[in-house]
Amino acid sequence: MSAAKYKRVVLKLSGEALAGTKGYGIDPVIVDTIAREIKGIKAAGLDLAIVVGGGNIWRGLAGSAKGMDRATADYMGMLATVMNSLALQDALENYDVDTRVQSAIEMRQVAEPYIRRRAIRHLEKGRVIIFAAGTGNPYFSTDTTAALRAAEIEADVILMAKKNTDGVYDSDPRHNPDAKKFKELEYIEVLQRGLGVMDATATSLCMDNKIPIIVFSIDEPGNILKVALGEDIGTVVGGRK
C-alpha cells in the first residue's frame, strides 16, 4: 500500500451517496461498500473525520420551497444526517473500525455531543469521527459543516465525494459534451464562477483557513482510498499540500 500523503482528512459524503440507484433512503449494500473503503483509510494510518449529508431522506430547502418554515425544515434535515451517521457507524463497526458519532444537536441516547477537544482526542486514539446534525444551526449546509469541522480539527484536506461526476467542470457534462474539466482551481475562481463545488460560505471558510478541497467521483470503486492516499484524481481547489 502507498504511503499516505495526508495525516488528517475530512471526508464529505452526500446523503445521496448512501442511497444507491433509488436515489432515496439508505442502501445497506452501498453503505457497506463505503465502510470497506474507509477501513482501508484507517489501515493506512490516517486520522479520519466524516461529514454526511441528509438529502437521501430530507432536504430543508425543498421543504422550505413548499411553504414550510425554513428553520423547521433545516432542523429536520439535520435529523436526517443523524440517521445516515448511525447507519455508517454501524457498517464501520461491523468491520471493527472504532467509530464515534458526534451530534451538534444534543441527543445523548444515540450520539455524543460535539465537543472539539473530545473529537481531536478520538482522532488521536485512532477512532473515526462522524459529525452529525450539521452545525446545529438552520440556514447552514453540511458543506459548511465540513469546512468548519475541518478548520476546528486542523485537517489537511477535505475530500468531497460526488455522485455522477469525477471533478469540477465549467458546465454540466451531462448536457454539454464539450464541458471542460478543471485539474486545479483557486478558491476565488470557484466563488466568482459559481462552480458549485461547495456553497459560498463553505468555500470562503476553506479559503480563509487554507484547507484544500479535492472533488472526486464516489461512483468508481476504490476512489475514496485512492484520493486519501494522495493519488492525482479529481479536481483540486486551493492546491495540493
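The values are calculated or read from the model by the stated rules, or taken from the named source; none is laboratory data. Treat the numbers as computed from the prediction; the structure is a model and nothing was measured. Ideal geometry is used to build each Cβ from the backbone, glycine not excepted, and the neighbour counts take in all protein chains shown.
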Pair list, Cβ under 9 Å, 6 or more apart: the stretch 59-74 residue of a type in the set (S, T, N, Q), other residue modelled with pLDDT under 80: Thr72/Gly60; Thr72/Gly63; Thr72/Ser64
Taking the stretch 161-216 and keeping residues over 17 Å from the mean Cα position of the chain (by Cα), at pLDDT below 90 and surrounded by 14 or more Cβ atoms within 10 Å (Cβ to Cβ) leaves Pro173
Which members of the stretch 209-225 meet the condition of being touching a strand residue (DSSP E or B) at 6+ places or on another chain (Cβ under 8 Å) and free of Cβ contacts under 8 Å to residues at least 60 places away in the same chain? Pro212, Ile213, Ile214, Val215, Phe216, Ser217
Quick check on this structure: which one of Glu124, Glu112 is over 16 Å from the mean Cα position of the chain (by Cα) and loosely packed, with under 14 Cβ neighbours inside 10 Å? Glu124
Going residue by residue through the stretch 205-218, is there one that turns out to be part of a helix (DSSP H, G or I) and of a type in the set (Ser, Thr, Tyr)? no
Give just the number: which of (1) under 23 Å from Asp172 (Cβ atoms); (2) among the small types (Gly, Ala, Ser); (3) in a helix (DSSP H, G or I) does Gly196 not satisfy? (3)
Within the set of pairs 6+ apart or on separate chains, which have a first residue in the stretch 75-96 that is closer than 21 Å to Ser141 by Cα, a second that is of a type in the set (Phe, Trp, Tyr) and at pLDDT 95 or above, and C-beta atoms under 9 Å apart? Thr81/Phe131; Ser85/Phe131
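Condition check ((1) at pLDDT below 95; (2) touching a Phe, Trp or Tyr at 6+ places or on another chain (Cβ under 6 Å); (3) farther than 22 Å from Leu229 by Cβ; (4) assigned to a loop (DSSP other than H, G, I, E, B)) across all residues:
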site: Tyr6; (1), (2), (3), (4): yes, no, no, yes
site: Ala17; (1), (2), (3), (4): yes, no, no, no
site: Asp32; (1), (2), (3), (4): no, no, no, no
site: Val51; (1), (2), (3), (4): no, yes, no, no
Among the residues of the stretch 58-114, count how many are of a type in the set (Val, Ile, Thr), out of contact with any helix residue (DSSP H, G or I) (no Cβ under 7 Å at 6 or more places or on another chain) and more than 18 Å from Ala146 (Cβ to Cβ). 1
Residue count, the stretch 65-82, condition surrounded by 20 or more Cβ atoms within 10 Å (Cβ to Cβ) and within 18 Å of the chain's Cα centre (by Cα), comes to 6
